[in-house]
1. Considering only region 131-148, state which residues are out of contact with any helix residue (DSSP H, G or I) (no Cβ under 6 Å at 6 or more places or on another chain) and either at pLDDT 70 or above or assigned to a strand (DSSP E or B) (or both).
2. If we scan region 34-54, do we find a residue that is in a loop (DSSP other than H, G, I, E, B), surrounded by fewer than 15 Cβ atoms within 10 Å (Cβ to Cβ) and in contact with a strand residue (DSSP E or B) (Cβ under 8 Å, 6 or more places away or on another chain)?
3. Would you mind stating whether residue 117 is buried (at least 16 other Cβ atoms within 10 Å of the Cβ), in contact with a helix residue (DSSP H, G or I) (Cβ under 7 Å, 6 or more places away or on another chain) and either at pLDDT below 55 or closer than 30 Å to residue 28 by Cβ (or both)?
4. Is one or more of the residues making up region 68-78 within 14 Å of the chain's Cα centre (by Cα), modelled with pLDDT under 90, buried (at least 22 other Cβ atoms within 10 Å of the Cβ) and not in a helix (DSSP H, G or I)?
5. Would you check if there is a residue in region 12-30 being part of a strand (DSSP E or B), touching a strand residue (DSSP E or B) at 6+ places or on another chain (Cβ under 9 Å), free of Cβ contacts under 8 Å to residues at least 40 places away in the same chain and surrounded by fewer than 16 Cβ atoms within 10 Å (Cβ to Cβ)?
6. Consider only pairs whose beta carbons are under 8 Å apart and that are at least six residues apart or on different chains; among these, list those whose first residue lies in region 54-75 and is at positive phi and whose second residue is surrounded by fewer than 16 Cβ atoms within 10 Å (Cβ to Cβ) and assigned to a loop (DSSP other than H, G, I, E, B).
7. Say whether the condition of being modelled with pLDDT of 65 or more, surrounded by fewer than 18 Cβ atoms within 10 Å (Cβ to Cβ) and at positive phi is met by at least one residue in region 149-159.
8. Being closer than 29 Å to residue 159 by Cα, in contact with a strand residue (DSSP E or B) (Cβ under 9 Å, 6 or more places away or on another chain) and modelled with pLDDT under 90 is true for just one of 108, 98. Which residue is that?
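The values are calculated or read from the model by the stated rules, or taken from the named source; none is laboratory data. Computed from a predicted model, the values in this text were never measured in an experiment. Backbone-built Cβ (ideal geometry, glycine too); neighbour counts: all protein chains shown.
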């Protein structure tokens, strides 16, 4: 499975965990359930993983919450974001994609980036910096769709057989906070 390095630790993104689950458990099922009220600003999702639908007693669960409007993605996709996180946690409980923690790459980046946004202007962001690529030294580019920092030279590095790793500074890093969503 592909990993993303965050502050020196490798994490597996949720999409990789899902692909691995379907490879290993052809009779498995991933189910999600909205726990919070449909009109609530706090979305809570429960994901349940069944490795084999013939044995429904064997299941693994994970929960996630998101707040509508908290960050760029949650302005339009808080439900989907929470669902992805819950599935990633449930798959982690099954043992898929665990390297150093149950948390997925998506979850770690989200937690790192949650402080100091436009929605939380009282938090001082002046000391935070953008990560750099360990291979080419390029400044990271925030990928809003997948919620992680990436190298702008990713395709070239992939062609060379390199695994892109972003080097994060000791302090927290945050996603770009510009009006147009651009990374710089």
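1. The initial filter retains those residues of region 131-148 that are out of contact with any helix residue (DSSP H, G or I) (no Cβ under 6 Å at 6 or more places or on another chain), namely 131-134, 136-146.
Across region 131-148, the qualifying residues are 131, 132, 133, 134, 136, 137, 138, 139, 140, 141, 142, 143.
2. Just the residues of region 34-54 that are in a loop (DSSP other than H, G, I, E, B), to begin with: 35-41, 51-54.
Next cut, surrounded by fewer than 15 Cβ atoms within 10 Å (Cβ to Cβ) only: 37-41, 52-54.
Now narrow it down to the ones that are in contact with a strand residue (DSSP E or B) (Cβ under 8 Å, 6 or more places away or on another chain): 41, 53.
Yes, because at least one residue in region 34-54 is in a loop (DSSP other than H, G, I, E, B), surrounded by fewer than 15 Cβ atoms within 10 Å (Cβ to Cβ) and in contact with a strand residue (DSSP E or B) (Cβ under 8 Å, 6 or more places away or on another chain).
3. On the way: buried (at least 16 other Cβ atoms within 10 Å of the Cβ): yes; in contact with a helix residue (DSSP H, G or I) (Cβ under 7 Å, 6 or more places away or on another chain): no; either at pLDDT below 55 or closer than 30 Å to residue 28 by Cβ (or both): yes.
Spelling it out, it is not the case that residue 117 is buried (at least 16 other Cβ atoms within 10 Å of the Cβ), in contact with a helix residue (DSSP H, G or I) (Cβ under 7 Å, 6 or more places away or on another chain) and either at pLDDT below 55 or closer than 30 Å to residue 28 by Cβ (or both).
4. Looking through region 68-78, at least one residue is within 14 Å of the chain's Cα centre (by Cα), modelled with pLDDT under 90, buried (at least 22 other Cβ atoms within 10 Å of the Cβ) and not in a helix (DSSP H, G or I).
5. From region 12-30, those part of a strand (DSSP E or B) are 29-30; that's our starting set.
Those left that are additionally touching a strand residue (DSSP E or B) at 6+ places or on another chain (Cβ under 9 Å): 29-30.
Still in the list and also free of Cβ contacts under 8 Å to residues at least 40 places away in the same chain: 29.
Next cut, surrounded by fewer than 16 Cβ atoms within 10 Å (Cβ to Cβ) only: 29.
Yes - at least one qualifying residue is present in region 12-30.
6. From residues that are at positive phi, the pairs are 69/41; 69/119; 71/119.
7. no
8. Working: 98 fails: in contact with a strand residue (DSSP E or B) (Cβ under 9 Å, 6 or more places away or on another chain).
Answer to the selection: 108.
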